[in-house]
Amino acid sequence: MSTYKVINLVRHLKGKPGPELFEVVEKTVPEPGDGEFLVKQAFMSMDPAMMGWMTGDTDSYIPPVELGTVMRSSGVGEVVASRHADFAVGDQVIGMFGWQEMALTDGKGINKVDKKIPPEMALAVFALPGLTATQGLFGCGHPKSGETLVVSGAAGSVGSIVGQLAKAEGLRVIGVVGSQEKADWIVNELGFDGAVNYKTDDLNAKLDELVPSGIDVYFENTGGPIQHCVFDRMNAHGRIVVCGMIADYTAETPRPGPSWMRIIKKRLTIQGFTMPDHMHKAQELQAKLAPYVQNGDIKYRTHVLEGLESAMDGLNLFLSGGNKGKLMVKI
């Protein structure tokens, strides 16, 4: 292969994402210099946070993707050429490689992954989803056995792991999803104690049924009407981890949040959380997550799109709820 494809962001997101925001270019495969190595990506992660990175918003937790540069994403691949002392040809690695078939890197922020772990599993469990779930739940949610946790986006890559970790820790876990198929999956396959279908259920009535004693931990991935319903049922000293708000990512005007009066009455802790603040702990978090995986506590499924260019329309699956499991692109 003498050339490889790269997808650059050329327009900021306004409304729904689509091919008009991107430019596909071909580049010559580079030769690594001293201290560099070349990675051929196998799978590229698709994440809701990408939509925030595409807006040009500079008042955020991470700088936006600059127009005319490769679109940001994490991925898993194989080292195919190396002049780096710590990375050899054949190593399986994870890192922020971007929307491109190949990536030249100096190794900063890149981690090796045991080649016994399939690349899809590496990306679905031990990459951003598992790191986010582990840090967010334990570092912010502080779960305790016997408590009740509700997680929105519960069939997604992060939410499904959050719920399974909480179950393994002895919590009652309720997941919020957008279809009956997803509700069946998290209850029957993942072991959740119940599911709320925000598209068809009477939200208040369903929560009254599933969490009659209130909610101790809420892991927020989506926003939307369910947020108010959960907030109104938080117990004293409850913790709310605000990890995602996909319902508002493409909205011109975000929805108003719940009243702060309940924060006072119930002495709630509400913490905004993003993984870039904690990436320096990636290996520590992977080590914490690994025993749950080895014990069979963590199941996952993937939704695989074929070919680099499928990413340009793929983000819309998050908005429609059409993705089933960890969304990724096979390159």
Checked against (1) surrounded by 16 or more Cβ atoms within 10 Å (Cβ to Cβ); (2) out of contact with any strand residue (DSSP E or B) (no Cβ under 9 Å at 6 or more places or on another chain), Ile270 satisfies every condition except (2)
Residues in segment 210-233 that are within 22 Å of the chain's Cα centre (by Cα) and part of a helix (DSSP H, G or I) total 4
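Take the conditions modelled with pLDDT of 95 or more, more than 21 Å from Ser160 (Cβ to Cβ) and of a type in the set (Gly, Ala, Ser) and apply them to Gly257. Does it pass?
On the way: modelled with pLDDT of 95 or more: no; more than 21 Å from Ser160 (Cβ to Cβ): yes; of a type in the set (Gly, Ala, Ser): yes.
Spelling it out, it is not the case that Gly257 is modelled with pLDDT of 95 or more, more than 21 Å from Ser160 (Cβ to Cβ) and of a type in the set (Gly, Ala, Ser).
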>> Among the residues that make up segment 260-275, is at least one of them over 23 Å from Leu203 (Cβ atoms), outside any helix (DSSP H, G or I) and among the basic types (Lys, Arg)?
In response: yes
The condition of being crowded, with 19+ Cβ neighbours inside 10 Å and touching a Pro at 6+ places or on another chain (Cβ under 9 Å) holds, among Gly56, Gly52, only for Gly52
Inside segment 1-26, the number of residues satisfying the requirement of being open to solvent by 90 Å² or more (accessible area, probe 1.4 Å) and farther than 23 Å from Phe318 by Cβ is 2
Quick one: would you say Ala236 is assigned to a strand (DSSP E or B), surrounded by fewer than 17 Cβ atoms within 10 Å (Cβ to Cβ) and of a type in the set (Gly, Ala, Ser)? yes
Gln283 meets each of (1) in a helix (DSSP H, G or I); (2) open to solvent by 30 Å² or more (accessible area, probe 1.4 Å); (3) touching a Leu at 6+ places or on another chain (Cβ under 6 Å) with one exception, condition (3)
When restricted to Gly156, Gly130, Gly139, Gly109, the only residue in contact with a Gly (Cβ under 6 Å, 6 or more places away or on another chain) and touching a residue at least 40 places away in the same chain (Cβ under 8 Å) is Gly109
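Being in contact with a strand residue (DSSP E or B) (Cβ under 7 Å, 6 or more places away or on another chain), farther than 22 Å from Ala168 by Cβ, without any contact (Cβ under 8 Å) to a residue 60 or more places away in the chain and open to solvent by 20 Å² or more (accessible area, probe 1.4 Å) is true for just one of Leu67, Leu104. Which residue is that?
None of the other options fit; the residue is Leu67.
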Flagged pairs (Cβ under 8 angstrom, 6 or more apart or on separate chains; first in segment 162-185, touching a residue at least 24 places away in the same chain (Cβ under 8 Å) and assigned to a loop (DSSP other than H, G, I, E, B); second aromatic (Phe, Trp, Tyr) and open to solvent by 10 Å² or more (accessible area, probe 1.4 Å)) are Gly178/Tyr198
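How many residues are closer than 22 Å to Ile186 by Cβ and modelled with pLDDT of 95 or more if we restrict to segment 304-326? Working first, answer last.
Taking segment 304-326 first, the residues closer than 22 Å to Ile186 by Cβ are 304, 317-326.
Now restrict to residues that are modelled with pLDDT of 95 or more: 304.
The total comes to 1.
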Of the residues in segment 149-161, those that are open to solvent by less than 10 Å² (accessible area, probe 1.4 Å), under 14 Å from Trp185 (Cα atoms) and either touching a His at 6+ places or on another chain (Cβ under 8 Å) or not in a helix (DSSP H, G or I) (or both) number 2
Within segment 207-229, the residues that are charged (D, E, K, R) and open to solvent by 50 Å² or more (accessible area, probe 1.4 Å) are Asp208, Glu209
The lone condition Met50 fails out of (1) within 24 Å of the chain's Cα centre (by Cα); (2) at pLDDT 95 or above; (3) among the aliphatic types (A, V, I, L, M) is (2)
Checked Phe37, Phe43 against criteria (farther than 30 Å from Gly322 by Cα, modelled with pLDDT of 95 or more and surrounded by 13 or more Cβ atoms within 10 Å (Cβ to Cβ)); the one match is Phe37
Only one of (1) more than 30 Å from Lys14 (Cα to Cα); (2) small (Gly, Ala, Ser); (3) open to solvent by 50 Å² or more (accessible area, probe 1.4 Å); (4) within 27 Å of the chain's Cα centre (by Cα) does not apply to Gly77, and that is (3)
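The values are calculated or read from the model by the stated rules, or taken from the named source; none is laboratory data. Predicted, not measured: the structure shown is a model, and the values here were computed from it. Note: ideal-geometry Cβ built from the backbone for every residue, glycine included; neighbour counts use all protein chains shown. Each accessible area value is taken on the protein alone, full model and side chains, heavy atoms only, with ligands, DNA and RNA left out. Shrake-Rupley method; radii C 1.70, N 1.55, O 1.52, S 1.80 Å.
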